[in-house]
Each structure stands twice: as structure tokens, then as C-alpha cells.
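Structure first, commentary second.
Bear in mind these aren't lab numbers, they're just calculated from the coordinates by the rules spelled out. From a predicted model like this one, the values you see are computed outputs, not experimental measurements. Cβ placement follows ideal geometry from the backbone for every residue including glycine, while neighbour counts extend to all protein chains displayed.
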Amino acid sequence: MVNLKFFAVLKHLIGKSELSLDVEKGTSLEELLEKLVKDLPPLKEGLQEGKILISVNQEVVERSYLINDGDEIAFLPPFAGG
């Protein structure tokens with residue numbers, strides 16, 4: 001099982017800040033993202049256009065990363081600073 005965390009506006013779009021999913025061993029982050037685009041339509045545009053920053057266990061990883069049981073996957077919307 002992996003834990004998904006959604007921050008800021010994404011939390012409001014999804015309707016929750018956290019979600020747990022069972023993921024098969026050997027599933028890549030890219031494969032998980034493809035599933036999420038279908039299951040959580042509000043994420044579609046941001047994920048497909050690369051606007052959402054994704055971290056696994058608080059580190060930004062490549063989409064080829066193989067997900068492990070217990071991973072925490074965080075989704076952060078674009079933000080600006082000043």
C-alpha cells in the first residue's frame with residue numbers, strides 16, 4: 001500500500017488530503033500516474049502537462065521510479081515565491 005498526499009489547491013480539487021492505494025510490486029510511478037489520471041480527473045491536466053511536482057518519500061524522482069510498499073507520494077501544485 002502507498003500513501004498519496006495532496007497539497008494546496010489539489011487537496012480541494014480531489015476533496016481529500018490523503019489517499020491510500022494498493023499497488024502491485026514493480027509498478028512504476030508513470031503507471032500509477034496513468035491510473036490516477038483516469039480515477040481522479042481533476043489531476044489530468046496538471047499531470048499530463050507536468051505542472052504538478054511529485055515527490056516520493058520527500059525526494060523528487062523520475063517517472064520510471066519503481067514504487068515500493070509503504071512509499072509516500074506527494075503531489076504539489078505550481079507555486080510562486082517572491
Original post:
Within the stretch 69-82, restricting attention to residues that are within 13 Å of L21 (Cβ to Cβ) and surrounded by fewer than 14 Cβ atoms within 10 Å (Cβ to Cβ), which residue is nearest to the chain's Cα centre (by Cα)?
Top reply: E72
Subject >> Top-ranked residue in the stretch 19-61 [being in a strand (DSSP E or B) and surrounded by 12 or more Cβ atoms within 10 Å (Cβ to Cβ); ranked as nearest to the chain's Cα centre (by Cα)] >> reply: I54
Original post:
Just one of the numbered conditions (1) crowded, with 16+ Cβ neighbours inside 10 Å; (2) not in a strand (DSSP E or B) is not true of S64; which one?
Top reply: (1)
**OP:** Among the residues of the stretch 58-68, count how many are touching a residue at least 24 places away in the same chain (Cβ under 8 Å), of a type in the set (V, I, T) and more than 21 Å from S20 (Cβ to Cβ).
**Re:** 0
**OP:** Could you please tell me which pairs satisfy a Cβ distance under 6 Å, a separation of 6+ or placement on different chains, a first residue in the stretch 28-57 that is at positive phi, and a second residue that is of a type outside the set (K, R) and part of a strand (DSSP E or B)?
**Re:** N57/E72
